[in-house]
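**Student:** I'd like to ask some things about the structure below.
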Amino acid sequence: MVFRKLPGVSASGMGLRLSQKFVFLLFLSGLVTLCFGALFFLPDSVRLKRIFLSKTETQPVTVGSGSENDATREHLKRPRDQEPARGMTPAKGETTSTKLKSLSRNPTVSLEATEERLAGGKAQEDFTLPRSKTESKTESKTESASEKAATSSSASNRAAMSDRFSYDKFKGCLLKPPLGRDTGRPSDPQTNERREKVKEMMKFSWDNYKRYAWGKNELRPLTKNGHIGNMFGGLRGASIIDSLDTLYIMGLMEEYNDAKEWVQTSLDLNSNGEASLFEVNIRYVGGLLAAYYLTGEEMYKSKVMELGEKLLPAFNTPTGIPRGVINLGSGTSWSWGWASAGSSILAEFGTLHLEFVHLSELSRNPIYTEKVMNIRKLLNKIEKPHGLYPNFLSPVSGNWVQHHVSIGGLGDSFYEYLIKSYLMSDKTDEDAKKMYYGAMEAIEANLVQKSPGGLTYMAEWRGGILDHKMGHLACFSGGMIGIGADDGAPEKRQHFLDLAAEITHTCHESYTRSATKLGPEAFRFDGGGEATATRLSDRYYILRPEVIESYMYMWRLTHDPKYREWGWEAVEALEQHCRVESGFSGIRDVYTMTASHDNMQQSFFLSETLKYLYLLFSDDDLLPLEDWVFNTEAHPLPIIRRGCLQDQATQDKTVSE
Ligand code: DMJ
């Protein structure tokens, strides 16, 4: 007998007392738990770790189906403050609540980043800090759904991209010169004078940025210094990148050359900070792509390729839906802390398509197109409530997290990129077309409303309940519906054009009904108000472009002179209320004449607001819509004429043979 009876010890079991046994077992189980827990801290290469953890850590999830394991793991990492809002249905499988991996990192509370998104991004509601660091590094070790999709479609993509990108061929496939016959100069003297005024505003904004904030992201025009913030992960010069194409099309060549030199010598892409994937994509990738296509400078191309590669790890999630935040150095990505249940935002992962297709075009590497096509595939496949696309989607399960639908913040540019993807593909991307018109039908059935005073507006939808509010951001939709009118069903074309005009009219009303003649951040159609902000917190204007953007498109589509008049009203209001000694600044209340400035000259003012105004007062042959689509930051990207490019390649081959 191995265990002998000891004197004074009871005869139970191994000769230990019950309480001693209990303590021993407790110690043993503690030890086992500790050893298991320690596995998480071992380097990825350690064999033991791979043996014990590989199954759960690397399980791939097929597009659209979701996986309970992954969903649960994801939830395990989610801090408590990120439970789905009350009354909202959590995604399937997301019910367990423990913390595990998140404990190994210390989430930084980034109030500044959040405030910046409030100021600059389209996706900007439901703020809850701190941010969740639901890391995707481990998931990246497996073949994600997007990578699978990538492999399957890469063969056909590669075939279409077998030759190197040639700038000359690209130029040869444009229908018109990008800058028009005479740089878009209008023959009408008054319009030309107005155009010159806008150019002067650009020069004034730029000069002050250069003087006080050179190399920083934005100018603070009151304190006369620069602002860096942390929206771009340590990247600098957002105002420079955002201005390149505006300076170029305005013929401000000295300024453009300064900007170009800065990109060449000082744009450092080796930053190691936490960036918004969406913001870096629309401003930096979009800005560099546009600069390359307009000028043919190879330097922009190599910069943008380098940056594009740094964004790829954000897609290493079980579904291939990227998370919102990425560390540009390490490639680690996570969801915004304020986004429900670790979700990704529709307007963020849905606003990559145009730029990523062009990254593939230039690099001849299909990976970028495959990443965004995978997003498309998933969105196509999952069920949509009433045909609508909610704003929050789990990158783990691939299910909607909340049923909030909006054409403004959080949703907006997703819809914009559907129709623009179709147009940019030379009208060959039938899926994008189908999704866009399908979405429009659902939007019209569920969101489009008429106010008692006869104004047409887009309400927001919260699980079937309408919120009669329209954000300034949603005002881009006038232009979007306008450019999409022509390719709709023949019987709906005029209807779409009318709807676009009505929405643009409503947005103009939101401007005319304020004391400053600038529009508030959000306006309502209930509580006795019509197209006015009722909450104090909605009264600000931060130099946003969306209303002017719609004027520009509606002008190009209809040539109704009222759009130029409305644009001019905006110029006068900007001059009167936003121009300060050293630049342009947002204002805190559009309903009061005693301006309180927010001390920020947003980079999108240079990229979008002033560019759209300049185009509004130019002839249509400056960046003609037959050849160009504008990304959501107003950076022009060319329509890809695959047929023409291939014909040219064949011709070249024949000649050389
Ligand atoms: C810009 O950065 C882009 O237009 C983006 O899509 C939304 N927010 C700002 C302008 O308001």
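The values are calculated or read from the model by the stated rules, or taken from the named source; none is laboratory data. On a predicted model such as this, the values are computed, not experimentally measured, just so you know. Cβ coordinates were reconstructed from backbone atoms using ideal geometry, including for glycine residues, and neighbour counts include every protein chain displayed. Surface accessibility is based on the protein's heavy atoms, side chains included, excluding ligands, DNA and RNA. Shrake-Rupley method; radii C 1.70, N 1.55, O 1.52, S 1.80 Å.
**Student:** Please count how many residues of region 321-343 are farther than 23 Å from H404 by Cβ and part of a loop (DSSP other than H, G, I, E, B).
**Tutor:** Here the count works out to 5.
**Student:** Can you confirm whether N257 is more than 28 Å from K420 (Cα to Cα) and part of a helix (DSSP H, G or I)?
**Tutor:** Against the criterion (more than 28 Å from K420 (Cα to Cα) and part of a helix (DSSP H, G or I)), N257 qualifies.
**Student:** All but one of (1) part of a helix (DSSP H, G or I); (2) within 16 Å of the ligand (Cβ to nearest atom); (3) under 15 Å from the mean Cα position of the chain (by Cα) hold for I419; which doesn't?
**Tutor:** Every condition holds for I419 apart from (3).
**Student:** Of the numbered conditions (1) of a type outside the set (D, E, K, R); (2) at pLDDT 95 or above; (3) away from the ligand (no atom under 16 Å from the Cβ), S406 fails exactly one; give the number of that condition.
**Tutor:** (3)
**Student:** Looking only at region 527-553, which residues are out of contact with any Leu (no Cβ under 9 Å at 6 or more places or on another chain) and farther than 18 Å from Y591 by Cα?
**Tutor:** Across region 527-553, the qualifying residues are E549, S550.
**Student:** Additional query: Out of all the residues in region 405-454, which are in contact with a Lys or Arg (Cβ under 7 Å, 6 or more places away or on another chain) and free of Cβ contacts under 8 Å to residues at least 60 places away in the same chain?
**Tutor:** D431, the sole residue that qualifies.
**Student:** Quick one: would you say L235 is within 20 Å of the chain's Cα centre (by Cα) and part of a loop (DSSP other than H, G, I, E, B)?
**Tutor:** yes
**Student:** Still on this structure, I have one more. Would you check if there is a residue in region 380-394 being part of a helix (DSSP H, G or I), crowded, with 21+ Cβ neighbours inside 10 Å and either more than 16 Å from the ligand (Cβ to nearest atom) or without any contact (Cβ under 8 Å) to a residue 24 or more places away in the chain (or both)?
**Tutor:** no
**Student:** For region 593-608, what are the residues that are touching a residue at least 40 places away in the same chain (Cβ under 8 Å), in a loop (DSSP other than H, G, I, E, B) and away from the ligand (no atom under 16 Å from the Cβ)?
**Tutor:** The answer is M593, A595, N599.
**Student:** Just to be sure I understand, how many residues within region 483-532 are open to solvent by 40 Å² or more (accessible area, probe 1.4 Å) and acidic (D, E)?
**Tutor:** 5
**Student:** Return the residue satisfying two criteria in turn: it lies in region 345-379 and is in a loop (DSSP other than H, G, I, E, B) and polar (S, T, N, Q), and of such residues it is least open to solvent (accessible area, probe 1.4 Å).
**Tutor:** T351
**Student:** Within region 552-592, how many residues are of a type outside the set (F, W, Y), within 16 Å of the ligand (Cβ to nearest atom) and more than 24 Å from the chain's Cα centre (by Cα)?
**Tutor:** The total comes to 5.
**Student:** Filter region 467-516 for residues that are of a type in the set (A, V, I, L, M) and out of contact with any helix residue (DSSP H, G or I) (no Cβ under 8 Å at 6 or more places or on another chain) and give the result.
**Tutor:** A515 - this is the single residue of region 467-516 that is of a type in the set (A, V, I, L, M) and out of contact with any helix residue (DSSP H, G or I) (no Cβ under 8 Å at 6 or more places or on another chain).
**Student:** Continuing with this model, one more query. Considering region 609-622 alone, what residues qualify as being touching a helix residue (DSSP H, G or I) at 6+ places or on another chain (Cβ under 7 Å) and either part of a loop (DSSP other than H, G, I, E, B) or within 13 Å of the ligand (Cβ to nearest atom) (or both)?
**Tutor:** Listed by number, the residues that qualify are T609, L610, K611, Y612, F617, S618, D620, L622.
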